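A quick write-up on the structure given underneath.
The values are calculated or read from the model by the stated rules, or taken from the named source; none is laboratory data. Quick caveat: nothing in here was measured; it's all calculated off a predicted structure. Here the Cβ positions follow ideal geometry from the backbone for every residue, glycine too, while neighbour counts run over all protein chains shown.
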Amino acid sequence: MRIGVVGVGAVGGFFGCLLSRAAAEVTLLARGAHLEAIRRDGLRVRSPLAADDGGEWVARPAATDDPALAGPQDLILFAVKSYDTEEVARIMAPMVASETTILCLQNGVDNEAKLAALYGEDRVLPGVVYIGAERVAPGLIEHRARGEILFGEAAGGRSERVERIRQVLAAAGIQVHAVDDIRSAKWEKFLFNVGLNAFSALTGGTAARLVATPAARWVFETSLGEALAVARASGVDLGEDVIERLVRTASAMHVTSSMEQDLSHGRPLELDTFNGYVVREGRRLGLETPVNATLYGVMEVRAEVGRG
């Protein structure tokens, strides 16, 4: 199976490295200093899972910035930041053939629709990633925790295609699960990101700190509650205890958010993907979302100040 990785940050880099080490036919679509480092030194992943290899894995997949050179792929792991979805999706067109499947490993709940608008709903599989990782230098990923993919057919249920892809990913040592209701899984992670990302970036607090005091926990829970109202109005049922479950998850996580990492490095933020989406959809659906609107507005100013 020819596998293309589009978006070689923490997510794409980690899974691309594992697939390449397992002798899969992998091509990375990257650019700039990151591409140069991968070509020169290989794709490097520091991980506690690599203890038997001196703490670091090195893979040497094919890497290019030209989708035409990459050519048609059987499977594309699409892992760019959400603000780049439409541009990169158009650029990768030479990699998409009639039988290509695009596995969307992005945050948010609307990227699959953008991919489907270009390539058709039947080409796109929604996915959810749980991982603690960061691209710390060109060509180098720092993996700290987990590394798990959940995915499935957008319409629900199982398929031969999903099982075939699951087997390929599992053979590379990836923790991967085919699920019957991937839409709910994506929305549940989305709720957590809505509560965590901007709040953590603004305060510098870990997920556990954000639910450790009554006032902070109120902000976290209320932002989730607004997102949950949008989910229900969109036909997604996450159960009555989803906020309680996510608070328990947060209380055990002593890490900051990916948005906090992006802010500290002066990178663009997925603010529109999380709180911004809740505000926009809330307005469309006639729902009030004051906490998310506040987090969005304050974070927008914080990002502008950080850029100078």
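The one condition from (1) of a type in the set (A, V, I, L, M, F, W, C); (2) surrounded by 20 or more Cβ atoms within 10 Å (Cβ to Cβ); (3) under 22 Å from residue 92 (Cα atoms) that residue 37 does not meet is (2).
Evaluate the following for residue 212: is it part of a loop (DSSP other than H, G, I, E, B), among the aliphatic types (A, V, I, L, M) and surrounded by fewer than 16 Cβ atoms within 10 Å (Cβ to Cβ)?
Details: part of a loop (DSSP other than H, G, I, E, B): yes; among the aliphatic types (A, V, I, L, M): yes; surrounded by fewer than 16 Cβ atoms within 10 Å (Cβ to Cβ): yes.
Against the criterion (part of a loop (DSSP other than H, G, I, E, B), among the aliphatic types (A, V, I, L, M) and surrounded by fewer than 16 Cβ atoms within 10 Å (Cβ to Cβ)), residue 212 qualifies.
Of 129, 124, all but one fail to be touching a strand residue (DSSP E or B) at 6+ places or on another chain (Cβ under 8 Å), modelled with pLDDT of 95 or more and more than 30 Å from residue 48 (Cα to Cα); the exception is 124.
All of 103, 150, 75 fail the test of being in contact with a Ser or Thr (Cβ under 6 Å, 6 or more places away or on another chain), assigned to a strand (DSSP E or B) and crowded, with 18+ Cβ neighbours inside 10 Å, apart from 75. The condition of being buried (at least 23 other Cβ atoms within 10 Å of the Cβ), touching a residue at least 40 places away in the same chain (Cβ under 8 Å) and not in a helix (DSSP H, G or I) holds for only one of 19, 125, that being 125. Residues that are in the same structural domain as residue 152 (by TED's automatic domain parsing), within 19 Å of residue 18 (Cα to Cα) and free of Cβ contacts under 8 Å to residues at least 60 places away in the same chain do not occur anywhere in the range 86-93.
Just one of (1) of a type outside the set (A, V, I, L, M); (2) surrounded by 23 or more Cβ atoms within 10 Å (Cβ to Cβ); (3) within 18 Å of residue 240 (Cβ to Cβ) fails for residue 188. It is (2). With respect to the stated conditions, residue 176 is free of Cβ contacts under 8 Å to residues at least 40 places away in the same chain and buried (at least 20 other Cβ atoms within 10 Å of the Cβ).
Of the residues examined, residue 44 is not one that is modelled with pLDDT of 95 or more and assigned to a helix (DSSP H, G or I).
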